[in-house]
1. Counting other C-beta atoms within 10 Å, which of 88, 102, 81 has the fewest, and how do the rest follow?
2. What residues have an amide H closer than 5 Å to that of residue 118, excluding those fewer than 5 places away on the same chain, when H is modeled at 1.01 Å from N in the peptide plane?
3. What's the extension gain from residue 77 to residue 102 if we count 0.36 nm per residue and subtract their Cα-Cα distance?
4. Amide H neighbours of residue 96 under 5 Å, at least 5 residues apart or on other chains, H built in the peptide plane: list them.
5. Could I have the simple spin-label model distance between residue 42 and residue 29, label points 7 Å from Cα toward Cβ, reported in nm to one decimal?
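Only the coordinates and a few stated rules stand behind these numbers; no lab work does. Keep in mind it's a predicted model, so treat the numbers as computed, not measured. Backbone-built Cβ (ideal geometry, glycine too); neighbour counts: all protein chains shown.
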Amino acid sequence: MKTASLSVLGACALALSAAAPGFAVQPDDALEGFRQTGQTQSCVALNRVRSMKPVDETRMLVEMRGGATYLNTLRSRCSNIDRSYTYIEYRTTGSQLCQGEILTVVDQGSRMMTGSCSLGAYELLEPVEPAGA
């Protein structure tokens, strides 16, 4: 079983984005420019994940290399996942990050766990043209 933080496996944008001051993504703004398609899949390849950005404590935007974007609605609330002072760790047995995998939220300063949750399905998002474009 592999144990890693997202930054170790090359998807460091999540750890770095979550650490950046003022990172808080406003839920209404995070999904602007996208439409939910209803098309879901249970796993994504770790080597294709460009970034994972918390929208709030229940959803994450997952941007893939090649341009696809997914919305992952977590199976339960994930305390502090959207805070600037935390990062995420997880354990996986393979090269994919799948529905049901547990995310652990860790405080950067104390390195203590502040929350955990499990991933839901990945819903494909479709870009939409801005109004008036």
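1. On the way: 88 23, 102 13, 81 27.
Going from sparsest to densest Cβ surroundings: 102, 88, 81.
2. The list, which skips near neighbours in sequence, is 75, 76, 103.
3. On the way: separation 25, 0.36 × 25 = 9.00 nm, distance 1.21 nm.
Gain on extension, residue 77 to residue 102, equals 7.8 nm.
4. The list, which skips near neighbours in sequence, is 46.
5. 3.7 nm
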